[in-house]
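Have a look at the structure below before the remarks.
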Amino acid sequence: MEMISRRLTITQKAEILEAYRAGDNTNFLAEKYSCTTNTINRTVKTLLSDSEYKLLKEKRSKIGNKKRQLVD
């Protein structure tokens, strides 16, 4: 998959943050905005306080763990 280097607009960053807070998958967001998962994570981390970012990461990992347990 080839990535074209470009900057995300302020509107796109706000959309990414909203979607991330709502629980959208980082891979899905990266594909939707034609960027890398690293860019998504970096964007979200920049726009959130450290404490909110950590809380969201914990919440997302718990959801992911529950999904994995259901599959097993």
Most to least packed among 37-45, 54-62 [average Cβ atoms within 10 Å]: 37-45, 54-62
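Net charge around residue 45, counting only other residues with Cβ within less than 12 Å of its Cβ (Lys, Arg = +1; Asp, Glu = -1)? Numbers along the way, then the final one.
Details: positive: 13, 42, 54, 57; negative: 50, 52.
Summing Lys/Arg as +1 and Asp/Glu as -1 gives +2.
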Charge tally in the Cβ shell below 11 Å around residue 57, where Lys, Arg are +1 and Asp, Glu are -1, residue 57 excluded: +2
Share of pairwise Cα separations in the range 1-59, more than 17 Å, in percent: 31
Computed lengthening from residue 41 to residue 13, 0.36 nm per intervening residue step minus Cα-Cα distance: 9.0 nm
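No value in this document is a laboratory result; all are computed from the given coordinates. Model, not experiment: these values are computed from the prediction. For neighbour counting, all protein chains shown are included, and Cβ atoms are generated from backbone atoms with ideal geometry for every residue, glycine included.
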